[in-house]
Each structure stands twice: as structure tokens, then as C-alpha cells.
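K.L.:
Sending over a structure as C-alpha cells; questions will come in a sec.
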Amino acid sequence: MQAPYQFQRTETQTIHRTGASVGVALIAEQQAEKTTVLDRAGLALKEAKRLGGGCSRLYRPHLALDFGQQRELETRLRGAIQSRELELHYQAQVDEQGRPVGAEALLRWEIPGIGFIAPGTFIPLAEKIGLIHQLGKIVISQACHQLAKWSAMPSPFPDLTLAINISPLQLHDAGLYEQIYTELAQTGEA
């Protein structure tokens, strides 16, 4: 769609260019209302256009926040990072026989009086406003400290692994490896 094209009107030729932005909404509910699907796709399309157009965006719950809600959530997230309100919860990973082989660290954020904020809301927001590296540091630090605690305990399963989730934006950070190694060294796990 980005290729130039011409309309020919009498003696003048005008070259035109078009582009496309796409909003995608995946609906898991069987009986989802058509308006819900269209509204979500519309929010994703609006985000694609906001990013400069010529791209596609998948609907994420944080897109449904109005501007005021988003600003409030940004402020709260900044405060939560400063006061260390975000914490890791651990989900066991088991093999085919049901024996523990490790755990996955999952970042959770609970706002007192409001409840848990879905990771699908606050993680994309952190990526969008440039806080994802700070969240990543919290995850790496807490995970390494937990790993050290588990390693110090006698266990019938000595070779358990701990998995963490890292944003694609963090993978482009040249200091990521050094950060992980430093945390592991500080906790005696390196």
C-alpha cells in the first residue's frame, strides 16, 4: 500500500501515496458483543496511528484506560517502583511425573484499597513510559535473592531452575547481562 500511484486527470498527473494502520483485537469469549470487538480493535488502531501509522497493534487492556486513568496509573507505578510495592510470586514448574523442576517468577502489583493490577495492564504501560528497565531490575534482584534463599535450604530437588520474564526492550540493553551477573554474585549464586 505504500507504493506510489497516479491518478490521471486530463493533462495533470498527480502522484499519491497511502499507508495503512491496523488494529487487531483477539476475543476469547464465545459470546463477545460485536461492539466490544470493534471497540477493542478501534483502540488498537488508535494506538497504531499514535505511534506514527504504517504499523499494526494488538489490543491490550491498558489501551482502554482513558487519559486521566492512564496518568494516574503512571504516577502510581512510579511510586510503586520507588517504594518497592511490586513483588514476585512464584509458579511451580513440574515435569511429566509431577515432580518440581523449577519455578517461574511472576511480577505482581497490588494497590492498597484497589487490588491487584493485571500485568497485562502495567507491564505494557511500563514499556510505553520507559519504566520497564526499572521493573526488570526489581525482578532480577528479587529473583536472585529468592534463588539464594532456596539454595541455602536442604532440598530433595537440588537442581531446580528459576525462570524470569524479560521484556524485549530489556534484551536490547547492553547492561542486562552485567546486571544479572552482579545480582547473582551479590547473592552468592554466580
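The values are calculated or read from the model by the stated rules, or taken from the named source; none is laboratory data. Everything numeric in this text was worked out from a predicted model, so none of it was measured. Every residue, glycine as well, gets a Cβ built from its backbone with ideal geometry; the counts of neighbours run over all protein chains shown.
K.L.:
What's the total number of residues in region 27-49 that are at pLDDT 75 or above and surrounded by fewer than 11 Cβ atoms within 10 Å (Cβ to Cβ)?
P.N.:
Adding up the residues that qualify gives 0.
K.L.:
Let me ask something additional. Which numbered condition in (1) among the hydroxyl-bearing types (Ser, Thr, Tyr); (2) part of a helix (DSSP H, G or I); (3) modelled with pLDDT of 90 or more is the only one that Tyr90 fails?
P.N.:
(2)
K.L.:
Got at least one residue in region 160-181 being part of a helix (DSSP H, G or I), buried (at least 16 other Cβ atoms within 10 Å of the Cβ) and in contact with a Leu (Cβ under 7 Å, 6 or more places away or on another chain)?
P.N.:
There is at least one residue in region 160-181 that is part of a helix (DSSP H, G or I), buried (at least 16 other Cβ atoms within 10 Å of the Cβ) and in contact with a Leu (Cβ under 7 Å, 6 or more places away or on another chain).
K.L.:
May I pose another question? Among the residues in region 61-79, are any modelled with pLDDT of 80 or more and part of a loop (DSSP other than H, G, I, E, B)?
P.N.:
no
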